[in-house]
Amino acid sequence: MSRLRIIHRIVNRFLIFLHFSILFFVFQTCYAVDSSTITPTKAITDSQTLSSTGGVFKLGFFSPPNSTHRYVGIWYEFDPRQNIVWVANRDNPLKDSSGTLRIADDGNIVIVDGRGVVYWTTNVSGITAPKNSVAELLDTGNLEFRLPNNSVWQSFDHPTHTFLPGMKIGGSTVTGKKLELTSWKSESDPSTGIFSLMLELLGDHPQLVIWRNGSKFRLWRSGPWNSIIFIGIPEMTYAQAFSLSEDNMYISFKDPNKMYPQFVLDHYGAFLGEQWDADRDSWYDFWSSQSNTCDTYGTCGSFGSCNPSNLSICSCLIGFKPRFEDEWSKGNWSGGCVRNTQLECQDSGFGNPNTVDGFKKLESVKVPDNAIVSLLLISLLEDCKMICLRNCSCLAYSYDIGIGCMTWDENLVDIQQFTQRGTDLYIRLAPSDIDLALKNSTNPARKDSTDHGLSKDGIVIIVIIAVLVGMLAISICAYLFWQWLTKQRGYIASDWDNIHQETPDNPDQVKVYKFQELAIATNNFSGANMLGQDPTKKECLDWKKRFQIIEGISRGMLYLHRDSRLRVIHRDLKVSNILLDEDLNPKISDFGMARIFGGNEQQGSTRRVVGTLGYMPPEYIMDGRFSEKSDVFSFGVLLLEVVSGRKTTSFHHLGQSLSLLGYAWQLWNECKMELLIDPTILHESTPLAEIFRCIQVGLLCVQECARDRPTMSTTLSMLTSEITSLPTPKQTAFIERKVSTPLDSFAHSLGAASVNHLTITHIEGR
């Protein structure tokens, strides 16, 4: 018996040990599997959910409001209302809660019910190692399905109604692949609805379009992309977070500050920009494609303009009248407008001016649909006008610096009047309608296109009176100026006599110093006494002061480009032309080479290149072309100099192969931007994020292609973080130190030490 008891105890202990071993193994196995993944041995039932690694998104089964059907979807984990951003089986719901999301024997992700019926599958063919399949929910909201080291499917390639950061919308003209949003059928039914949003491919300048019933009816469009914004969305403050891929036409956006923005195409056809409000635990709309009636495509028909601020939102363009007067007066504008007078359609602007078509400018509008972008490198508004004038089919033209010349040879549809931004549109009119447009421009109270106005005799009388009054005013001004000039000459003569009659006893008079006195006072012009050369003063320029200087310069340049009565292009912005007052506030100086742009002039050209080596953009050096973007380039160089504490010519002195721009570009690509920062401003409290932002803005300003560079308005918004997300810079100009232009030999003759300080005035542009 004793032996049996001993054996019995041994068996019991062994069984207990085996039991705990099995429990321990199961425990370890369950918790060793990542909670964000699904594997062939781990499935998700209707009562379970899957969380992304960082706890941002959750995946699981859900039922829409007022519905018992079950779907698999993804939503933000912090959202108590469980607003769905993606649905798997949207067109094939389960009828009960017996569903399971798992990896099938063929390696695909599937949704099956309790009987094993497949309701949805990733449907990837040719999976060679099904047992190694893994599905993971990422913190971006993307459900990624992969084999070892190979992603074979992702939910971002199959969007439903929500556009998330990192997701793409667009397509490829080569493969024909399209990524588009489709609305839910209703609030309670996530199946494919009647509205879709896609990127309409129009060469290098696509636009977003919302369609109703497939591709039959347009509901809304964004206007063309100009490399920074969609020009038909004037309030697009989120623009800099967007980018357009070059290999295929896909648009995407980022969320670097974790504000959780998203764009939703709802079941009414509205495209809504939403952002999470953590204080209220809810989403709020910051933008809508249907903010007013005028946002609906073609509200006013052909040749009609929509203005939501007017009591009657639709009006015919100058030179046009309603096609159906009765319907128009009742608020049915779908018939649009027709011309009062047919076009003369001359081939050029020469000949009798009374028989030549002209153009009427419509300011700050959403340009019509179906624009034809010129393939020619048109850099001036006047050139765009001539292209349209010489084409009898051309009905209007417009120019955007990021797009170029746009013309229209079809009915002008979907024009909307904006209160801010927008683009100027020039509408082709017959000579008689040009006179009518001129009269209406002097009488803003009367805008009806059917108003016939004054007779020709009345216009002649008005012109004669205006000329006589103008001549009288000029005569009076000339007389008053002559009187003032005579007095000034007397003052100048008196001052000159005082200067020559000064005595040492009068300290208030101008003091004339001899050369020997200056030599003694400066220790024979010693370099130690040069202004701006004492090194200890450099410590006074901490980052706060430097950023104050950067911001001050950018605001000054913005004033010159946009806010000044006359638009000024400086053409010689550099460190030595920035003066600092006693409080280190910057003042832009030396406008000796500045050019004034008038009207709609966007770009100028010259055969005489002037400027300073190291600050001139490539299009100016090579072709003599300058614009606002020339000053932006110079500002970018200056910005990198202020951050790095190094002159743009410092690499020239050191004989290095890279320029300052090339060095900054290299560090950017290597993610070593901290090496560019001046060591004297680095300490524990230095806001590195702000400095990195300035470096990125500087690189954006010195991009090789002028149209890729931001405007000064956008640059200031990026510096002050009004624009929270910045685009990725493209390659900067002048990566290598040497530039193959006639400037090289000239710079060599000057000597290394003077390259950054001389203004060159006689180099011929190619």
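The values are calculated or read from the model by the stated rules, or taken from the named source; none is laboratory data. All of these numbers come straight from a predicted model, not from anything done at the bench. Here the Cβ is made from the backbone with ideal geometry for all residues, glycine too, and neighbour counts use every protein chain on show.
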Restricting the first residue to segment 109-131 and requiring it to be closer than 24 Å to residue 148 by Cβ and touching a residue at least 40 places away in the same chain (Cβ under 8 Å), which pairs with a second residue that is of a type in the set (Phe, Trp, Tyr) and surrounded by 14 or more Cβ atoms within 10 Å (Cβ to Cβ) meet a Cβ separation below 6 Å and a spacing of at least six or different chains? 109/145
In segment 545-581, the residues that are farther than 17 Å from residue 701 by Cβ, of a type outside the set (Lys, Arg) and assigned to a strand (DSSP E or B): 568, 579, 580
Subset of segment 388-406 [in a strand (DSSP E or B), among the small types (Gly, Ala, Ser) and in contact with a His (Cβ under 9 Å, 6 or more places away or on another chain)]: 404
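To keep it simple, each residue is scored yes or no on (1) of a type in the set (Gly, Ala, Ser); (2) over 28 Å from residue 139 (Cβ atoms); (3) surrounded by 15 or more Cβ atoms within 10 Å (Cβ to Cβ).
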residue	(1), (2), (3)
226	no, yes, yes
269	yes, yes, yes
291	yes, yes, no
295	no, yes, yes
302	yes, yes, yes
316	no, yes, yes
320	no, yes, yes
327	no, yes, no
340	no, yes, yes
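Could you identify the single residue in 465, 403, 461 that is at pLDDT 85 or above and surrounded by 10 or more Cβ atoms within 10 Å (Cβ to Cβ)?
Values: 465 fails: at pLDDT 85 or above; 461 fails: at pLDDT 85 or above.
The conditions single out 403.
Pick from segment 595-624 the residues that are of a type in the set (Gly, Ala, Ser) and surrounded by 15 or more Cβ atoms within 10 Å (Cβ to Cβ): which of them is nearest to residue 378 (Cα to Cα)? It would help to see each step written out before you state the result.
So the first thing to find is which residues in segment 595-624 are of a type in the set (Gly, Ala, Ser), and the list is 598-599, 604-605, 611, 614, 624.
So of that shortlist, the ones also surrounded by 15 or more Cβ atoms within 10 Å (Cβ to Cβ) come out as 604, 611, 614, 624.
Numbers: 604: 12, 611: 24, 614: 27, 624: 15 Å.
Looking at residues that are of a type in the set (Gly, Ala, Ser) and surrounded by 15 or more Cβ atoms within 10 Å (Cβ to Cβ), I get 604.
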When (1) closer than 21 Å to residue 573 by Cα; (2) modelled with pLDDT of 90 or more; (3) of a type in the set (D, E, K, R) are applied to residue 647, the one that fails is (2)
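Test of understanding: among 328, 276, which residue is farther than 23 Å from residue 409 by Cβ and in contact (Cβ under 8 Å) with a residue 40 or more places away in the chain? Let's see the steps before the verdict.
Numbers: 328 fails: in contact (Cβ under 8 Å) with a residue 40 or more places away in the chain.
Matching residue, one of 328, 276: 276.
Let me confirm something: among 99, 166, 126, 116, which residue is small (Gly, Ala, Ser) and surrounded by 18 or more Cβ atoms within 10 Å (Cβ to Cβ)?
Being small (Gly, Ala, Ser) and surrounded by 18 or more Cβ atoms within 10 Å (Cβ to Cβ) holds for just one of 99, 166, 126, 116, which is 99.
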Which numbered condition residue 148 fails, given (1) under 27 Å from residue 48 (Cα atoms); (2) surrounded by 15 or more Cβ atoms within 10 Å (Cβ to Cβ): (2)
Here the qualifying pairs (Cβ atoms under 8 Å; residues six or more apart or on different chains; first in segment 367-380 and at positive phi; second among the hydrophobic types (A, V, I, L, M, F, W, C) and assigned to a loop (DSSP other than H, G, I, E, B)) come out as 370/413
Just one of (1) surrounded by fewer than 13 Cβ atoms within 10 Å (Cβ to Cβ); (2) hydroxyl-bearing (Ser, Thr, Tyr); (3) at pLDDT 95 or above trips up residue 63, so point out which. (1)
From the list 626, 633, which one is aromatic (Phe, Trp, Tyr) and not in a strand (DSSP E or B)? 633
Out of (1) surrounded by 21 or more Cβ atoms within 10 Å (Cβ to Cβ); (2) assigned by TED's automatic domain parsing to the domain that holds residue 190; (3) of a type outside the set (D, E, K, R); (4) more than 27 Å from residue 714 (Cα to Cα), the one residue 231 does not meet is (4)
Condition check for residue 567: touching a Leu at 6+ places or on another chain (Cβ under 8 Å), within 28 Å of residue 605 (Cα to Cα) and at pLDDT below 90: yes
Filter segment 158-181 for residues that are over 28 Å from residue 258 (Cα atoms) and among the small types (Gly, Ala, Ser) and give the result. 172, 176
Single unsatisfied condition, residue 448 versus (1) at pLDDT below 80; (2) out of contact with any strand residue (DSSP E or B) (no Cβ under 9 Å at 6 or more places or on another chain); (3) of a type outside the set (Ser, Thr, Tyr): (2)
Residues that are modelled with pLDDT of 85 or more, assigned to a loop (DSSP other than H, G, I, E, B) and surrounded by 12 or more Cβ atoms within 10 Å (Cβ to Cβ): does segment 271-285 have at least one? no
Going through (1) in contact with a Cys (Cβ under 6 Å, 6 or more places away or on another chain); (2) assigned by TED's automatic domain parsing to the domain that holds residue 230 one by one, residue 276 fails only at (1)
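Return the residue satisfying two criteria in turn: it lies in segment 153-170 and is in contact with a Gly (Cβ under 9 Å, 6 or more places away or on another chain) and aliphatic (A, V, I, L, M), and of such residues it is modelled with the highest pLDDT. Explain how you work it out, then say what you get.
We begin by selecting, within segment 153-170, every residue in contact with a Gly (Cβ under 9 Å, 6 or more places away or on another chain); these are 155-156, 160-162, 164-167.
Subsequent filtering for residues that are aliphatic (A, V, I, L, M) retains 164, 167.
Values: 164: 96, 167: 93.
Only one residue tops the list, namely 164.
Can you say whether residue 413 is surrounded by fewer than 22 Cβ atoms within 10 Å (Cβ to Cβ), within 26 Å of the chain's Cα centre (by Cα) and β-branched (Val, Ile, Thr), as far as the supplied structure shows? Quick ask: steps written out before the conclusion?
Numbers: surrounded by fewer than 22 Cβ atoms within 10 Å (Cβ to Cβ): yes; within 26 Å of the chain's Cα centre (by Cα): yes; β-branched (Val, Ile, Thr): yes.
Considered against the rule, which asks whether it is surrounded by fewer than 22 Cβ atoms within 10 Å (Cβ to Cβ), within 26 Å of the chain's Cα centre (by Cα) and β-branched (Val, Ile, Thr), residue 413 comes out as yes.
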Given (1) of a type in the set (S, T, N, Q); (2) under 27 Å from residue 49 (Cβ atoms); (3) crowded, with 17+ Cβ neighbours inside 10 Å, index of the condition residue 192 fails: (3)
